[in-house]
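This report refers to the structure that appears directly beneath it.
Throughout, read-outs are computed from the coordinates displayed, never taken from laboratory work. A quick note: this is a predicted structure, and the numbers were derived from the prediction, not measured. Neighbour counts run over all protein chains shown; Cβ positions are idealised from the backbone, glycine included.
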Amino acid sequence: MLKRVADGPAVVACNTCRHAADAREDGEGVRGGARLVAALRAVQASDPRYAGIAVQEMPCLFACTDFCTVHLRAPGKVGYVLGRFTPDEESARAILDYAVHHAASEHGRVPYSAWPEGIKGHFITRTPPAGFVAE
């Protein structure tokens with residue numbers, strides 16, 4: 001049931017997410033989560049700034065009403081679940097840009113002034129790292 005992955009900064013994308021609030025799949029029968037994973041990997045491969053951020057995937061993050069969801073995480077840092085993305089390059093770039101700031105931060109808190117426009121309004125939850133709670 002669990003698969004071991006690198007324990008570093010990562011974007012974990014739901015690969016089975018709906019395409020949109022009103023559609024499970026796109027016109028070609030592909031789920032939005034699979035499209036978002038592909039976009040994240042393509043954007044990551046196109047820019048060395050993203051080399052330190054792993055793109056990982058798993059089925060269902062259980063945020064189904066918030067389609068195209070990702071979990072941003074890094075050891076010892078507050079994590080975030082974000083959703084309601086369009087599964088495209090623009091969203092993937094915004095997610096990875098934020099992930100770079102998140103990985104560089106001391107505790108996972110990124111100043112609002114550094115947030116890419118494309119992630120504003122997409123936060124669903126924040127998650128404490130193992131053994132901690134946020135103050």
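This table checks each residue for (1) in contact with an Asp or Glu (Cβ under 7 Å, 6 or more places away or on another chain); (2) touching a residue at least 12 places away in the same chain (Cβ under 8 Å); (3) more than 16 Å from Ala13 (Cα to Cα).
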{"position": "Arg35", "(1), (2), (3)": "yes, yes, no"}
{"position": "Pro59", "(1), (2), (3)": "no, yes, no"}
{"position": "Arg73", "(1), (2), (3)": "no, yes, no"}
{"position": "Gly76", "(1), (2), (3)": "no, yes, yes"}
{"position": "Val81", "(1), (2), (3)": "no, yes, no"}
{"position": "Val110", "(1), (2), (3)": "no, yes, yes"}
{"position": "Phe123", "(1), (2), (3)": "no, yes, no"}
{"position": "Ala130", "(1), (2), (3)": "no, no, yes"}
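Quick check on my filter: what residues within the range 91-107 are without any contact (Cβ under 8 Å) to a residue 40 or more places away in the chain, of a type outside the set (Phe, Trp, Tyr) and in contact with a helix residue (DSSP H, G or I) (Cβ under 6 Å, 6 or more places away or on another chain)?
Scanning the range 91-107 gives Ala94, His101.
Among the strands (runs of 3 or more DSSP E) contained in the range 21-96, which hold 1 or more residues that are of a type in the set (Lys, Arg) and under 13 Å from the mean Cα position of the chain (by Cα)? Lay out the reasoning, then the answer.
On the way: elements: 54-58, 70-73, 79-82.
Of the strands (runs of 3 or more DSSP E) lying wholly inside the range 21-96, those with at least 1 residues that are of a type in the set (Lys, Arg) and under 13 Å from the mean Cα position of the chain (by Cα) span 70-73.
Which residues, taken from the range 54-73, are of a type in the set (A, V, I, L, M, F, W, C) and surrounded by fewer than 22 Cβ atoms within 10 Å (Cβ to Cβ)?
Once the filter is applied, which keeps residues that are of a type in the set (A, V, I, L, M, F, W, C) and surrounded by fewer than 22 Cβ atoms within 10 Å (Cβ to Cβ), the range 54-73 yields Ala54, Met58, Cys60, Leu61, Phe62, Ala63, Cys64.
I'd like to verify a number: residues in the range 1-23 that are within 17 Å of Phe85 (Cα to Cα) and surrounded by 14 or more Cβ atoms within 10 Å (Cβ to Cβ), how many?
The number of residues fulfilling the criteria is 10.
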